[in-house]
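The values are calculated or read from the model by the stated rules, or taken from the named source; none is laboratory data. Values in this document were obtained by computation on a predicted structure and should not be read as measured data. Counting neighbours? That spans all protein chains shown, and the Cβs are built from the backbone with ideal geometry, glycine included.
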Amino acid sequence: MNQDEMKKLAVWATRSALSQGAETAEVTLSNAREIEVSARKNTIENLNDSSSSSIAVTLSVDSRKATVTSNELVEESISQLISDAIEIARLMSRDEYFGLPNENELGVTDSPLDIFSQEVVDIEADRMIETALRLEKAASGMDKRIISDGAWVSNAVERFVISNSLGFCEGYSKTYSSIGISCAAEEESRRGENIGKKQSSFWYSQSVSPSGLESIDDVARKAVERTLRKLGAARPKTCEVPVIFDPVTARGLLSHLASAVSGRQIYKKASFLVDRMGDEIGSSHVTIYDDPLLRGRIGSRPFDSEGVKSRTNTIFERGRLKTYMMNSYQARKLGDRTTGNAGGASNLYLEPGSATPQELISSVDDGLYLTFLIGPGANTVTGDFSQGAHGIWIENGELTNPVDEFTVTGTFQKMLLGITAVASDIDWNSSIAAPTIKIENLTISGT
């Protein structure tokens, strides 16, 4: 089903909902196809070519809301789906805050986004197989200690159409392309004996097109380096020291922050940022944007999942909380206006600085370079933070020995206020992106 056919069906479903008694109606159609190849030990393990289509209908009757979904995109089935939704809505409680976005918020950005690549549509499985095998071979050939845990290549096309009873009906297409590899290496004793312990890591590259990916050799090299640098890791001492978050762990920190500024968490009083609008939450180095208008980025989109026209939002400006991220319902609950974040963050990123990562490392006499976080210890309700971690110890401004089996402990408030430097190396492999950052002082719980 092409986009014009999807629009036609979405408009029909919207009108059908109104004719059956709905006060408001919103119909979302999606269509996706993904081809994924995985290779291990010079053999193709999996080749998956999957397609899916779905419809979601959200409607209201007497301010009572219901949402239903289906994978059957034929008029007879959709008509029955709408009938079921109306019956469900009549059983629900009234909600004065539910409703469609304001009509003047709806629209499609004029900015060129470059989020669709014909190269993804045209790519053949043979080429993807070749890439996966080359990636695994490249990593395995860089060091005899490397054991491949598998390489993968993926390409996907997604199409979306949204129609509502205000007369809005628009759609867009988006592509994704990624390659990656996971590696392992066996630990050895000082006498060269295998001690039965492995270290592992990975690297991947993701873009809206294959031409935007890192090279096979670069992805392989980073995966190998991230694996080998963990060999010989020991538990560090318990102490309070400066901590350098690499772009991967800094992105994790930003992901938790995205939850904390979510309108849903705010109106539920389930965030440490409740009633903090306008307050100085972080240091002057903390400027965070959510920008769906960035050209060629993973999170870019012309409108959100309610049809609200995309715009750039400043979430934090030099440490001061400027706005929460809200859809229309959340905004009404909070007495505000939507930020165009129905469906979540778009391109949420911490503004990079001008320093290099090495300059941040060189500024630390005794501290930690953090490379991995694990565990559920990030509590955005209370603001408490305590997660298991891996990293490399810093002595006299130089990376020295790897460390693991420890926790990093603090609070989100302390971490945000403690950011004293931000590097320039922002990692755009995700819709949430961050560069290397330095936090002045955190507790390391080790030996």
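Summary table below
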{"quantity": "Residues satisfying the stated conditions in the stretch 194-253, i.e. in contact with a Leu (Cβ under 6 Å, 6 or more places away or on another chain), under 15 Å from Thr371 (Cβ atoms) and part of a strand (DSSP E or B)", "calculated": "Gln199, Val243, Ile244, Phe245"}
{"quantity": "The stretch 340-352, residues that are surrounded by fewer than 23 Cβ atoms within 10 Å (Cβ to Cβ) and of a type in the set (Ser, Thr, Tyr)", "calculated": "none"}
{"quantity": "Matching residues, the stretch 3-36, being within 22 Å of the chain's Cα centre (by Cα) and either at pLDDT below 95 or among the β-branched types (Val, Ile, Thr) (or both)", "calculated": "Thr28, Ile35"}
{"quantity": "Count - residues of the stretch 425-439 that are within 17 Å of Leu370 (Cα to Cα) and either more than 9 Å from the chain's Cα centre (by Cα) or at pLDDT below 95 (or both)", "calculated": "9"}
{"quantity": "Flag if Val274 is farther than 30 Å from Ile394 by Cα, free of Cβ contacts under 8 Å to residues at least 60 places away in the same chain and more than 18 Å from the chain's Cα centre (by Cα)", "calculated": "yes"}
{"quantity": "Residue in the stretch 131-153 that is out of contact with any helix residue (DSSP H, G or I) (no Cβ under 9 Å at 6 or more places or on another chain), assigned to a helix (DSSP H, G or I) and either under 21 Å from Gly307 (Cβ atoms) or at pLDDT below 95 (or both) present", "calculated": "no"}
{"quantity": "Residue tally, condition among the aliphatic types (A, V, I, L, M), in a loop (DSSP other than H, G, I, E, B) and within 23 Å of the chain's Cα centre (by Cα), over the stretch 357-383", "calculated": "1"}
{"quantity": "Qualifying residues in the stretch 255-272 (those that are surrounded by fewer than 21 Cβ atoms within 10 Å (Cβ to Cβ) and touching a Phe, Trp or Tyr at 6+ places or on another chain (Cβ under 8 Å)) - the one farthest from Leu334 (Cα to Cα)", "calculated": "His256"}
{"quantity": "Filter result for Ser386 (hydroxyl-bearing (Ser, Thr, Tyr), under 22 Å from the mean Cα position of the chain (by Cα) and under 20 Å from Ser259 (Cβ atoms))", "calculated": "yes"}
{"quantity": "Residue in the stretch 90-116 that is surrounded by the most Cβ atoms within 10 Å (Cβ to Cβ), counting only those that are touching a residue at least 24 places away in the same chain (Cβ under 8 Å) and among the acidic types (Asp, Glu)", "calculated": "Glu105"}
{"quantity": "Filter result for Val422 (modelled with pLDDT of 95 or more and in contact with an Asp or Glu (Cβ under 9 Å, 6 or more places away or on another chain))", "calculated": "yes"}
{"quantity": "Residue list for the stretch 154-168, filter: assigned to a strand (DSSP E or B) and either over 27 Å from the mean Cα position of the chain (by Cα) or free of Cβ contacts under 8 Å to residues at least 24 places away in the same chain (or both)", "calculated": "Asn164"}
{"quantity": "Residue in the stretch 49-66 that is within 30 Å of Ile181 (Cα to Cα) and touching a helix residue (DSSP H, G or I) at 6+ places or on another chain (Cβ under 8 Å) present", "calculated": "yes"}
{"quantity": "Test result for Ala389, buried (at least 21 other Cβ atoms within 10 Å of the Cβ), at negative phi, assigned to a strand (DSSP E or B) and touching a strand residue (DSSP E or B) at 6+ places or on another chain (Cβ under 7 Å)", "calculated": "yes"}
{"quantity": "Single residue of Ser50, Ser70, Ser30, Ser19 found to be closer than 25 Å to Ser117 by Cβ, free of Cβ contacts under 8 Å to residues at least 40 places away in the same chain and surrounded by fewer than 20 Cβ atoms within 10 Å (Cβ to Cβ)", "calculated": "Ser50"}
{"quantity": "Test: Leu9 is in a strand (DSSP E or B), closer than 26 Å to Ser328 by Cα, touching a strand residue (DSSP E or B) at 6+ places or on another chain (Cβ under 7 Å) and in the same structural domain as Gly171 (by TED's automatic domain parsing)", "calculated": "no"}
